[in-house]
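Structure record follows, encoded as structure tokens.
The values are calculated or read from the model by the stated rules, or taken from the named source; none is laboratory data. These numbers come from a predicted model, not from an experiment. Please note: Cβ atoms are built from the backbone with ideal geometry, for glycine as well, and neighbour counts cover all protein chains shown. Quick note on the areas: whole protein, heavy atoms, side chains included, nothing else; ligands and nucleic acids left out. Shrake-Rupley method; radii C 1.70, N 1.55, O 1.52, S 1.80 Å.
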Amino acid sequence: DKAGHRHFMAKEMAEQPAVLKAAMGFYSGLDHDRIDLPDAIDFASADRLIMVACGTAFYACQVAKYWFEKYAGLAVELDIASEFRYRDPVLGLSNMALFVSQSGETADTLAALRHVRPHVAQVLSVVNVPTSSIARESDVALPIHAGPEIGVASTKAFTAQLQVLALLALKAGLDRGFLSGEDFDARLAELRLLPGFVAQALDREEEIKRMSEALAQARDVLFLGRGVMFPLALEGALKLKEISYIHAEAYAAGELKHGPIALIDTDLPVIVFAPHDALFEKTVSNMQEVMARQGKVLLISDAKGLAEAGDVPFRLQMPTVPDFIAPIVYAVPAQLIAYHTALHRGTDVDQPRNLAKSVTVE
Ligand code: F6R
């Protein structure tokens, strides 16, 4: 049931504020300065967190790596499951492992889990399907409470995964004595603002729809971001590829001059994710290198960022949000750009060619 929406993907994007709010209720209840995660999870003596997933779930892990480092001082090793399972990762009993999967049935992720399980202290998973194989085979499974996701392109599962990973990073910060009680309370309060900010981001849909008309003509699109916005750029490129069939690539903005800048010409749209944070100026200077070569830039930023960036061909204003939760809010334009570009091209948004919702073979 699409609940009046044209596609499941549209319905699932629209559900995000409600999903985030409800899921927060499960993990923090009415007690506003606590997180209710199972006591069995204890990051205090972990010396490393290994995170493994595929596709969009992997990009959620990539965002979470910045959080675990910044808010918990915990070293993170990150890999895609199809690589991780066939290398010889160095594992130890003071390591914790975390697997993220919407379906909980992705063959490579499950195989990676089975591979590490005997060699690490604890196996955690973040899943949407609590009865799934990955959930059953973990020591502790944390459901994201997103409800069924039918559209092949993952949307609400991504933002709901990020929210649970953010809670885990804060818990790790407390467990390890890395984050002060005051900082913990402040970050948790920021997470509670998500439903409102995500709703505001969804309100930019008409504008994104108009901008996507030009994108639908492109043969290739480049996405750029730095820090937590780099995985967002990757997610934007993946969404665009899978549902619009336009070739898209994402680069960390600082890598631009190490090769991809050779691609820039008047035909290449370049989408830049750059909230006004500590890395803003760096990203903007990369963006200016693109503009100096007549690249068609779409800058996604907040009021302050857009004001400072000056004259940019296409601009999309996001709400001004705390750094911690920005990657979750900026997921929305990544999704909407792909959705509307695909609609302009007339592709099958919910059932893109060659793709299955759950990849149970390797
Ligand atoms: C992209 C997408 C895929 C999945 C990937 C992992 O929109 O949906 O990249 O994220 O196949 O699937 P799960 O999360 O079920 O393990």
Surface per residue (accessible, 1.4 Å probe) for region 323-362, Å²: 40
Vicinal HN-Hα couplings computed from phi for region 100-106 (Karplus, 6.51 cos²θ - 1.76 cosθ + 1.60; Hz; Gly/Pro x): 10, 7, 4, 6, x, 10, 4
5 angstrom amide H check on Cys54, placed H, neighbours 5+ away: Ala81
When each of Lys70/Lys156; Lys11/Lys156; Lys65/Lys171; Lys21/Lys70 is checked by Cα-Cα distance, pairs over 19 Å: Lys70/Lys156; Lys21/Lys70
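At 1.4 Å probe radius, can you tell me the per residue accessible area of region 120-165 in Å²?
I get 24 Å² per residue for this part.
Stretch Ala189-Ala44 to full length: gain in nm at 0.36 nm per residue minus the Cα-Cα span?
49.9 nm
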Alpha-carbon centroid distance for the pair region 36-72 / region 320-362, whole angstrom: 23
Set of aspartates and glutamates near Lys304 by C-alpha distance (under 15 Å), chain-local residues within fewer than 8 positions excluded: Asp277, Glu281, Asp323
Accessible carbon and sulfur surface of region 300-346 relative to its total accessible area, %, 1.4 Å: 47
For Ala141, distant residues with modelled amide H under 5 Å away: Ser125
Debye, to nearest 20: dipole size of the chain, +1 on Lys, Arg Cβ, -1 on Asp, Glu Cβ: 580
Carbon and sulfur %, accessible surface of region 50-123 computed with the full protein complex present, 1.4 Å: 51
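Order the peptides 251-258, 266-273 from the highest to the lowest mean number of other Cβ atoms within 10 Å of their residues.
Taking the mean over residues of other Cβ atoms within 10 Å, the ranking is 266-273, 251-258.
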Segment Asp139-Gln351, extension gain: residue separation times 0.36 nm, minus the distance between their alpha carbons: 72.9 nm
Candidate aspartates and glutamates for bridging to Lys209, where Cα separation is under 20 Å - those fewer than 8 sequence places away on the same chain excluded: Glu12, Glu15, Asp220, Glu235, Glu242, Asp267, Asp302, Asp348, Asp350
Whole-number accessible area per residue in Å² for region 1-72, which is evaluated in the context of all protein chains at 1.4 Å: 45
Of the DSSP H helices in the chain, those whose Cα atoms cover at least 24 Å axially and whose Kyte score averages 0.0 or more: 156-175
FRET efficiency for Ser180 and Asp88, using Cβ-Cβ distance with R0 set to 35 Å, rounded to 0.05: 0.35
Computed lengthening from Asp311 to Lys209, 0.36 nm per intervening residue step minus Cα-Cα distance: 34.6 nm
Whole-angstrom gap from region 1-30 to region 216-251, using each part's C-alpha centre: 24
Charge sum, other residues only, whose C-beta stays under 12 Å from Leu167's C-beta, Lys/Arg counted +1 and Asp/Glu -1: +2
Mean residue ellipticity (222 nm) of the chain, computed from DSSP H runs ≥ 4 via -39,500 (n - 2.57), nearest 500: -13500 deg cm²/dmol
Ranked by how many other beta carbons lie within 10 Å on average, peptides 54-66, 179-191 from highest: 54-66, 179-191
Fraction in percent of alpha-carbon pairs per bin - 5 Å, region 288-362: 3, 11, 17, 16, 17, 15, 11, 7, 3, 1
The chain: radius of gyration over Cα atoms, expressed as a fraction of 2.2 N^0.38 Å: 0.95
